[in-house]
Amino acid sequence: MNASTIDKFFCKNSNLYTQLTSSPLTEFADSGVVSRTTPLSSINENKLDDNHQNNNEDDDDDQSISTEHQCFSIITKSKLRYKKCDEYKQYSNCLITYLDHPSAIFIQLSQDGKHFQQMHQDMNRYYMDNLNGFSNISIDAFNVGDFCVAYSNRYFEFFRARILNIDPTKNQCLIIYVDFGNSEWIHLKGIRPLHAEFAKLDIQSIPVTLSHIVPKKDMNTGAIGWDTNVGKSCTRKLRRLVIKPEGEPFLYVSVTFLSVERWWPLPFVDIKVDGQDLAEILHRDGFARLTRNNKDLRMIYPTFGNHPSESLIFGLQSTERLENQYE
């Protein structure tokens, strides 16, 4: 089945919807959950429209897909496991698939690369061969937090995903592509329940925080954060360093996992590109400030990890482990 034929089954205008209530640490104009697009699309910094569109004009296509009524009771909701890494262990040939800012970076390890590629191919073959399956399912069948499979109109492929928000008025769901870290609004026609066979492999993206680096003070406003002008410049610099433009070979990095702290939701890591430490590069070029104590981040963002959207984006098991007061 060619791409144009497949595309008729799905929405063409699943653009971004900025009315999602996000946390202060991800509520950025040019980074964070409200600007996420599709898998690996952070290599292309072109903006999408600010609001996702009403796709009622595609309702006629719904009727052409299938007349079979899908019953909610027959859906089995599979769950995915989040990958964990050992402390103080170095991993080479890692790929940075997306980043919100230096304190929220999504990486993939190379160890499961072949298994993931095979699973991804098998999954797409299965859902393409069963394209009409669950095509007329009601939006009431899905809940925020459900794992699913979502069709990307940019790549003409299915990807494993998780639902972050639901807009029943437009039959759309905001999803995060869990194996990459990016997000976008998808029409209900492009969402399928996750088959248990494709839930066996752990989620491939691991959210981490770059160690020993904090935002610089914005000299114009006096504010300190990744959402200031200087903080956004730092994020753009980091993207240019670690994510190649679309069409160029991927850039692999070396990642060393450090400690997992009770007072911070993500593991701290050191990242090196061609032998150079990323934190030192950002400090040297004037985009951020080095710190000896990672708890300085906790002072800037005392509630990071407590927001419901962050729990789903980063796959946090529980925010209760975060202390109200940093030690």
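The values are calculated or read from the model by the stated rules, or taken from the named source; none is laboratory data. It should be emphasised that the depicted structure is a prediction, and the values quoted were computed from it without experimental measurement. Virtual Cβ from ideal backbone geometry, glycine too; neighbours counted across all protein chains shown. When the accessible area is computed, the model is the full protein with side chains, heavy atoms only, and any ligands, DNA or RNA have been set aside. Shrake-Rupley method; radii C 1.70, N 1.55, O 1.52, S 1.80 Å.
When you count the other C-beta atoms within 10 angstrom of each residue and take the mean per peptide, 232-243, 205-216, 77-88 line up highest first as 205-216, 232-243, 77-88. By the Cα gyration tensor, the range 218-327 has an equivalent ellipsoid whose semi-axes, rounded to whole angstrom, run 25, 19, 15 from largest to smallest. Protection proxy ranking for 300-309, 118-127, 95-104, using the average of other Cβ atoms within 10 Å per residue and placing the highest first: 95-104, 300-309, 118-127.
Less than 5 angstrom separates the built amide H of TYR91 from those of VAL255, THR256, PHE257, all sequence-distant by 5 or more or on a different chain. Using only Cα coordinates, the Kirkwood hydrodynamic radius of the range 173-235 works out to 15.2 Å.
Taking amide H as placed 1.01 Å from N in the peptide plane, the amide H of TRP263 sits under 5 Å from that of GLU323, each at least 5 places away or on another chain.
Applying 0.36 nm per residue to the separation of GLN276 and ASN132 and subtracting their alpha-carbon distance, the gain on full extension is 46.9 nm.
Under a 1.4 Å probe, what is the accessible area of the range 160-263 per residue, stated in Å²?
36 Å²
In terms of its alpha-carbon gyration tensor, the range 139-184 comes out prolate; a/c meets the 1.5 threshold, and the first ratio a/b outweighs b/c.
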